Amino acid sequence: MRRALVTGAGGFIAHHLVKRLKREGYWVRGVDIKSPEYSPTQADDFQIFDLRDMEQCRKALSDPQGFDEVFNLAADMGGMGFIHSAECDIMRHNALINSNMTAGAAEKKIKRYFFSSSACVYRDMKPGAPELKEEDAYPALPDNEYGWEKLYAERMALAFGRKHGMVIRIARFQNCYGPEGTWHGGREKAPAAICRKVAEAENGGAIEIWGDGTAVRSYTYVDDMVDGIYRLMQSQVEGPANIGNPEYLTVSDLVDIVAEIAKKKIKKKFVDGPVGVLSRNFSNEKIYRTGWQAQFKLKNGIAITYPWIEEQVKKLRSR
Ligand code: NAD
């Protein structure tokens, strides 16, 4: 039985990754500073550790039978609002988590180490610009400090991998959404925030949207993201690999899809807010080598996600 350590397992993507690893027959330890909020973990063992602290990191990595694979998804992160308002915490906390985890994994002679990076490592793009390949992250010009930290952490993982013979797999995720993701409180990302606003609005009502709605994005359903992580970790694909749905839409299109699923007429009120980059368009050539394909069009993923967020909104109102 393969044994995996999954960090960030109290959060969105890693919670779903634990379920996938269990289905694949792994023994799994989940680690986080908090337990999952919406459904119990399926990890065989779940430990609360603060990975900014090297001693706690060593404890997380310590097990009499050891770990074959480490998936590091712990991060202090959120949507654009959070990324712009908490840049000092993001840079410091994530640099600590990632340097501790990478050095700790090398110390424990872990054979395969996965790091969750982000499409935020890339520079801004113009709508319609040709797709960027992984090597086009250099010369580097990420749009925000979260992206700079991810780029540094990628390089650190690769350096430790070279020195200690540890196989490193790095995915650069595009926006990920799905049930059990953060949907309120300030850390939520655009798909969850828009689902929540639509769920809160009356039929015929208006919702506020940051920017003018023309920013182009791709949104990846969480099951697809987890499938990409799993395939990449098992693959021979070296260096960072983009994982993202090849369906690119504007934020305004996203609102239309959510409103259609909600069966509501929604007016869009565009307001000033932290939008992030203008456009995205990335090559998926590397992840396609693993046999990965996105299975969920945005409409199909929102058809699963919106009812879950609507239920959370109702639960919160009835409290
Ligand atoms: P999330 O916030 O739901 O999960 C991250 C988890 O890390 C949280 O549960 C948090 O408590 C935990 N964590 C934070 N600080 C910690 C610490 N000091 N010690 C231990 N645990 C700590 O975020 P997510 O959406 O599941 O993201 C997972 C990974 O994917 C992150 O590395 C994130 O940067 C990356 N990513 C996510 C997206 C996305 O769209 N969700 C896009 C690009 C990259």
Residue satisfying condition, being more than 16 Å from the chain's Cα centre (by Cα), at pLDDT 95 or above and either surrounded by fewer than 18 Cβ atoms within 10 Å (Cβ to Cβ) or farther than 24 Å from Y248 by Cβ (or both), within set G128, G104: G104
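Considering only residues that are among the hydrophobic types (A, V, I, L, M, F, W, C) and farther than 19 Å from D256 by Cβ, which ones fall in segment 270-319? First the steps, then the outcome.
Of segment 270-319, the ones among the hydrophobic types (A, V, I, L, M, F, W, C) are 270-271, 275, 277-278, 282, 287, 292, 294, 296, 298, 302-304, 308-309, 313, 316.
Across segment 270-319, the qualifying residues are V277, L278, F282, I287, W292, A294, W308, V313, L316.
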Lone qualifier among Y113, Y122 - being of a type outside the set (D, E, K, R), in contact with a Pro (Cβ under 8 Å, 6 or more places away or on another chain), touching a residue at least 40 places away in the same chain (Cβ under 8 Å) and crowded, with 23+ Cβ neighbours inside 10 Å: Y122
Residue within segment 133-151 that is in contact with a His (Cβ under 9 Å, 6 or more places away or on another chain), over 16 Å from I97 (Cα atoms) and either assigned by TED's automatic domain parsing to the domain that holds G228 or more than 12 Å from the ligand (Cβ to nearest atom) (or both) present: yes
Residues satisfying the stated conditions in segment 171-186, i.e. part of a loop (DSSP other than H, G, I, E, B) and touching a helix residue (DSSP H, G or I) at 6+ places or on another chain (Cβ under 9 Å): Q174, G178, P179, E180, G181, T182, W183, H184, G186
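If you go through segment 178-189, how many residues are closer than 16 Å to I209 by Cβ and within 9 Å of the ligand (Cβ to nearest atom)?
So the first thing to find is which residues in segment 178-189 are closer than 16 Å to I209 by Cβ, and the list is 188-189.
Right, trim to within 9 Å of the ligand (Cβ to nearest atom) and you get 189.
Final tally of qualifying residues: 1.
Output the residues belonging to segment 151-201 that are without any contact (Cβ under 8 Å) to a residue 40 or more places away in the chain and either closer than 30 Å to I261 by Cα or under 17 Å from the mean Cα position of the chain (by Cα) (or both). Talk me through it step by step, then tell me what you get.
Within segment 151-201, the first condition is being without any contact (Cβ under 8 Å) to a residue 40 or more places away in the chain, and the residues that meet it are 151, 155, 159, 162, 165, 185, 197.
Result: L151, G185, K197.
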Residue count, segment 29-47 (criterion: within 8 Å of the ligand (Cβ to nearest atom) and either in a strand (DSSP E or B) or among the polar types (S, T, N, Q) (or both)): 2
Residue in segment 48-95 that is surrounded by the fewest Cβ atoms within 10 Å (Cβ to Cβ), counting only those that are more than 12 Å from the ligand (Cβ to nearest atom), within 23 Å of G181 (Cα to Cα) and of a type outside the set (A, V, I, L, M): S85
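Identify all residues within segment 270-319 that are in a loop (DSSP other than H, G, I, E, B), more than 29 Å from E87 (Cα to Cα) and of a type in the set (D, E); write none if there are none.
So in segment 270-319, the residues in a loop (DSSP other than H, G, I, E, B) come out as 272-278, 280-281, 283-284, 289-297, 318-319.
From what is left, the residues that are more than 29 Å from E87 (Cα to Cα) are 289-297, 318-319.
Within segment 270-319, no residue meets the criteria.
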Failed item in (1) crowded, with 20+ Cβ neighbours inside 10 Å; (2) touching a Lys or Arg at 6+ places or on another chain (Cβ under 9 Å), with E238 passing the rest: (1)
Qualifying residue in segment 191-206 (condition: more than 25 Å from V70 (Cβ to Cβ), modelled with pLDDT under 95 and out of contact with any helix residue (DSSP H, G or I) (no Cβ under 6 Å at 6 or more places or on another chain)): no
Pairs with Cβ under 7 Å, 6+ apart, first in segment 1-15 and farther than 13 Å from F46 by Cβ and assigned by TED's automatic domain parsing to the domain that holds R172, second near the ligand (Cβ under 6 Å from one of its atoms) and assigned to a strand (DSSP E or B): I13/C176
Members of segment 1-28 that are within 13 Å of the ligand (Cβ to nearest atom) and in a strand (DSSP E or B): L5, V6, T7
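The values are calculated or read from the model by the stated rules, or taken from the named source; none is laboratory data. It should be emphasised that the depicted structure is a prediction, and the values quoted were computed from it without experimental measurement. Virtual Cβ from ideal backbone geometry, glycine too; neighbours counted across all protein chains shown.
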